Amino acid sequence: MAYIYDDQNIFAKILRGEIPSKPVFESDHTIAFPDISPQKRVHILVIPKGPYRCYDHFVTTASDAEQLDFFKSVALIAKQTGTSEAHGGNGYRLITNSGPDSHQEVPHFHVHLLGGETCGPLTAS
């Protein structure tokens, strides 16, 4: 399948500096910032800097260096936010959506790191 990446999505605009953000973490291939509509005390969006539409697109197209950086960055952000069990936190939830059935709102691969309080059941419906 050929993935079509919309370079006018909000995350692409943030990456280009057209929309301001307040990064809480940045590496060579990854950037993270607070969600503008947080669902938990900790709600961080973690995105790769490359143009990837969804998880499948990312893992089939991104370089090994980009993938390793991204997933290690998620762990570092969990540590930084105090949610990582390995570093004294009570845990966190990672959510990623892919396509219309998942209600993906921004067509740029990203994960939501949620924590700082109980997350409850996995799905509402």
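The table for this structure:
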read-out: Paramagnetic label zone (point 7 Å from Cα along Cα-to-C-beta, residue 76; backbone N under 15 Å) in the range 33-48; value: 33, 46-48
read-out: Gyration tensor verdict on the range 10-115 (Cα atoms; rounded if a/c is under 1.5, prolate if a/b is larger than b/c, oblate otherwise); value: rounded
read-out: Distance between the range 75-94 and the range 37-68 - C-alpha centres, whole angstrom; value: 17 Å
read-out: Simple Cβ-charge dipole of the chain, Lys/Arg +1 and Asp/Glu -1, about Cα centre, in debye nearest 20; value: 340 debye
read-out: Environment charge of residue 98, counting only residues whose C-beta is closer than 14 Å and scoring Lys/Arg +1, Asp/Glu -1; value: -2
read-out: Proximal lysines relative to residue 13, as straight alpha-carbon distance under 23 Å, when same-chain residues fewer than 8 apart are discounted; value: 22, 49
read-out: Spin-label pair residue 67/residue 19, simplified geometry with 7 Å Cα→Cβ offset, distance in nm; value: 2.8 nm
read-out: Under 13 Å, Cβ to Cβ, from residue 27 - net charge with Lys/Arg +1 and Asp/Glu -1; value: -2
read-out: Segments 98-105, 6-13 sorted - mean Cβ within 10 Å per residue, highest first; value: 6-13, 98-105
read-out: Summed residue charge, Cβ within 13 Å of residue 57's Cβ, Lys/Arg positive, Asp/Glu negative; value: -2
read-out: Computed over the chain: relative contact order in percent, which uses C-alpha pairs under 8 Å that are six or more apart; value: 29 percent
read-out: Helical mean residue ellipticity (222 nm; -39500 (n - 2.57) per DSSP H run of 4+; nearest 500) of the chain; value: -7000 deg cm²/dmol
read-out: Degrees, to the nearest 10: 64-80 long Cα axis against longest axis of the chain; value: 30 degrees
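Readers should treat all values here as calculations from the given coordinates under stated rules, not as data from a laboratory. Quantities reported herein were computed from a predicted structural model and do not represent experimental measurements. No Cβ is skipped: glycine too gets one built from the backbone with ideal geometry, and neighbour counts run over all protein chains shown.
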